[in-house]
Amino acid sequence: MGYTFRLNRFFALEQIAFLRRPRRHWGTHLKLAREFFGMAFTDADPARPVLVLGAGWGLEIPWRLAPKNTFAWDADPLSRIGTLLRHRRWIPWIFDDLTGNLASLDQISRRVRVVEGCGKLRRVPVAAKRLAGLLPSVTPSADVLERWIQRNRPGTIICANVMGQIKPTASRIIETAFTPHSPWVNDQDLADPLHDAINEWTARVLRSILNILCSSGSKLYLLHDRGVVHQESDVALGEWTNSWMEQVKSSDSHLEVSDPLSGVDMLKELSTLMCSSKARWIWPLDPNQIHIVEALVFRP
């Protein structure tokens with residue numbers, strides 16, 4: 001129970017910190033996101049439930065357009081109240097961890113810091129390497145999602161940027177366990193086993209969720225961070241290409257870019273479904289963090 005409580009508190013603090021960011025440059029993103037989710041609600045079969053994964057506090061989701069039989073999923077314990085205050089709707093809510101792994105990740109991250117039997121702290125590089133070796137044992141488990149889908153048979157499933165948040169969330173859980181030290185190798189020319197391990201873990205989690213979504217028989221509306229530029233730059237998007245990095249245009253010859261999806265390509269993973277719509281746009285989250293957002297629609 002202690003870890004569950006800590007994890008719920010962690011999600012709440014993360015969401016509050018996100019909502020406190022300046023939003024003066026978010027206008028275009030919020031407009032496009034609300035239009036995308038509004039299209040999903042309008043297109044939904046009113047006879048079947050709608051499920052919103054990563055619902056949050058409703059900043060991007062136009063709940064006034066949501067059918068009556070719409071459910072929200074977000075592990076932040078305050079998200080339902082935040083949505084009520086913002087939209088005046090008390091949505092049926094699921095508070096489970098979508099990955100099924102984060103409490104275990106938190107527990108293992110804290111455990112490797114301490115030498116068994118004597119209680120002494122391990123040196124940070126040793127503990128980080130040990131955690132990297134143990135991460136493959138943290139097996140993805142989206143069983144709760146699978147059971148919910150089998151029981152409720154939703155006609156539409158919306159992923160509200162939850163996919164792009166799994167890796168950053170896992171990374172921050174690890175960083176919290178190692179506070180006040182950093183578990184990462186700072187020199188980019190040196191190997192970082194923990195960084196590689198968290199990428200592999202994220203890819204496994206994403207594929208386990210996507211496998212369930214693919215077999216759900218639902219219309220899928222997926223909005224997620226496809227890439228993040230970690231510097232102030234004049235970023236623009238060229239013509240659509242499946243390789244999102246080839247679409248990014250900038251006067252900077254060397255952009256510092258990360259992939260929140262750890263190499264998982266949604267179009268390839270869901271290739272058995274029909275992709276009826278795809279779009280990308282730029283979201284300047286803050287001056288030194290520019291997100292490439294991807295919005296995809298799949299039909300069974």
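Can you give the three extents of the C-alpha atoms in region 1-105 along their principal axes, from longest to shortest, in whole Å?
The Cα atoms of region 1-105 stretch 41, 38, 23 Å along their principal axes.
Running a GNM on the chain with Cα contacts under 10 Å, which residue among D187, D96, D143 ends up with the highest mean-square fluctuation?
Of D187, D96, D143, the Gaussian network model singles out D187 as fluctuating most.
May I ask which residue of L59, F71, A33 lies farthest towards the positive end of the charge dipole of region 1-71, with charges of +1 (Lys, Arg) and -1 (Asp, Glu) on Cβ and the Cα centre as origin?
L59
Testing the spin-label approximation: label points 7 Å from Cα along Cα→Cβ at T272 and R23. State their distance in nm.
Between T272 and R23, the label points sit 3.9 nm apart.
Sorting C159, C275, C118, C214 on the 10 Å Cβ count, fewest up front, what's the list?
C118, C275, C214, C159
Per DSSP H run of n ≥ 4, the term is -39500 (n - 2.57); total these for the chain, divide by its residue number, and report the mean residue ellipticity at 222 nm rounded to 500 deg cm²/dmol. Don't jump to the answer; show the numbers that get you there.
Details: 10 runs with 118 residues, N = 300.
My calculation for the chain gives -12000 deg cm²/dmol from helical runs alone.
Starting from the 7 Å offset along Cα-to-Cβ, what nm value, one decimal, do you get for the label separation of D286 and H195?
2.1 nm
Under a point-charge model restricted to the Cβ atoms of Lys and Arg (+1) and Asp and Glu (-1), what is the dipole moment magnitude of the chain relative to its Cα centre, in debye to the nearest 20?
Roughly 1240 debye, rounded to the nearest 20.
In Å, the Kirkwood hydrodynamic radius of region 95-230 over pairs of distinct alpha carbons?
Values: mean 1/r = 0.0610 Å⁻¹.
For region 95-230, inverting the mean 1/r across all distinct Cα pairs yields 16.4 Å.
How long are the semi-axes of the equivalent ellipsoid of region 179-251, taking √(5λ) for every eigenvalue λ of the Cα gyration tensor, in whole Å from largest down?
Taking √(5λ) for each Cα gyration eigenvalue gives 28, 24, 11 Å.
DSSP loop trypsin sites (Lys or Arg not before Pro) in region 98-196 with at most 13 other Cβ atoms within 10 Å of their Cβ, which ones?
Values: sites: R110, R111, R113, K120, R122, R123, K129, R130, R147, R151, R172; in loops: R113, K120, R122, R123.
Listed in order of number, the matching sites are K120, R123.
Just tell me which lysines come within less than 22 Å, Cα to Cα, of K278; anything on the same chain fewer than 8 places away is out.
Counting by Cα, and skipping residues close in sequence, K278 has these lysines nearby: K31, K219, K249, K268.
Which FRET efficiency value, to the nearest 0.05, do you get for V115 and A47 by plugging their Cβ-Cβ distance into 1/(1 + (r/R0)^6) with R0 = 45 Å?
The formula returns an efficiency of 0.15 here.
Between region 73-97 and region 239-275, what is the separation of their alpha carbon centroids in Å?
Centre-to-centre (Cα) distance: 31 Å.
If each residue of separation counts as 0.36 nm, what is the full-extension length gain between R34 and Q188 once their alpha-carbon separation is subtracted?
51.7 nm
Based only on Cα atoms, what mean projected area does the convex hull of region 2-224 have, in nm²?
13.7 nm²
Nearest 5 percent is fine: what portion of the DSSP beta bridges confined to region 2-224 is antiparallel?
The answer is about 5 percent antiparallel.
Any idea how far apart T176 and H230 come out in nm if each label point goes 7 Å out from Cα toward Cβ?
2.0 nm
Every number in this text was worked out from the coordinates using simple rules, so none of it is lab data. No experiment lies behind these values; they were computed from the predicted model shown. Positions of Cβ are backbone-derived with ideal geometry, glycine not excepted, and every protein chain shown enters the neighbour counts.
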